[in-house]
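K.L.:
Would you mind keeping the following structure in view while I ask a few things?
The values are calculated or read from the model by the stated rules, or taken from the named source; none is laboratory data. Being a predicted model, the structure only gives us computed values, none of them experimental. Using ideal geometry, Cβ is built from the backbone for each residue, glycine included, and neighbour counts are taken over all protein chains shown. Each accessible area value is taken on the protein alone, full model and side chains, heavy atoms only, with ligands, DNA and RNA left out. Shrake-Rupley method; radii C 1.70, N 1.55, O 1.52, S 1.80 Å.
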Amino acid sequence: MSELVADSWRRYLRQLQRHPLRTKAITSGVLAGCSDAIAQKLSGIKTLQIRRLLLIMLYGFAYAGPFGHFLHKLMDHFFKGKKGNSTIAKKVLLEQLTSSPWNNMLFMVYYGLVIEGRPWMLVKNKVKNDYPLVQLTAWRFWPIISWINYQYMPLQFRVLFHSFVASCWAVFLNLKARSAATIKAT
């Protein structure tokens, strides 16, 4: 079994080296899909909602993976040759002030319009009401993850690491939303 895992990892690394953007996009899509399947199961959904799962995978594949690929390349370009804690802090701050708000807003809009199929006015009101808390919560969690990512992950693994943590984060948020709905219902 361990030989199978080692061989699969070698093949993954080869694809990552030969086709970095494509590999990161596929990885992000697969992890987003796994995350949604787990979240659906844990939230009590009896039958897997395939449409929702595929649309979440599409978001990971078409947006999150490629965005992360280019974001990390751009960050390394901006801070080329600079290392140390002060550089990492600048990267984390820049990421949290730019891509974090944008990504959270975009996902909320995508989820409302595309996945839930709600009209624009309902989505706009939901974003207006929920976005500040979502972003504040993200700023409590993601800077630590970003620090670890910039400190310890080589460039080619940053999207993989981020996508994996984002998958866990999505399951957590889904369970929090479910527990909040359960509390309100009682």
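K.L.:
Failed condition for LEU74, given (1) under 21 Å from ALA138 (Cβ atoms); (2) touching a helix residue (DSSP H, G or I) at 6+ places or on another chain (Cβ under 9 Å); (3) of a type outside the set (Val, Ile, Thr), with all others met?
P.N.:
LEU74 satisfies every listed condition except (2).
K.L.:
Ok, one more. Can you find, within the stretch 8-52, the residue that is most open to solvent (accessible area, probe 1.4 Å) among those that are without any contact (Cβ under 8 Å) to a residue 24 or more places away in the chain and either assigned to a loop (DSSP other than H, G, I, E, B) or within 20 Å of ASN103 (Cβ to Cβ) (or both)?
P.N.:
Top of the filtered list is LYS46.
K.L.:
Does LEU94 satisfy the criteria of being out of contact with any helix residue (DSSP H, G or I) (no Cβ under 6 Å at 6 or more places or on another chain), under 25 Å from VAL30 (Cα atoms), surrounded by 15 or more Cβ atoms within 10 Å (Cβ to Cβ) and modelled with pLDDT of 95 or more?
P.N.:
Criteria not met by LEU94.
K.L.:
If you don't mind, another one. Please go through the stretch 123-156 and give me each residue that is within 15 Å of the chain's Cα centre (by Cα) and touching a residue at least 12 places away in the same chain (Cβ under 8 Å), ordered by number.
P.N.:
Correct list: VAL134, GLN135, ALA138, TRP139, PHE141, TRP142, PRO143, ILE145, SER146, ASN149.
K.L.:
If you go through the stretch 72-88 one residue at a time, how many are under 21 Å from the mean Cα position of the chain (by Cα) and either open to solvent by less than 30 Å² (accessible area, probe 1.4 Å) or without any contact (Cβ under 8 Å) to a residue 24 or more places away in the chain (or both)?
P.N.:
4
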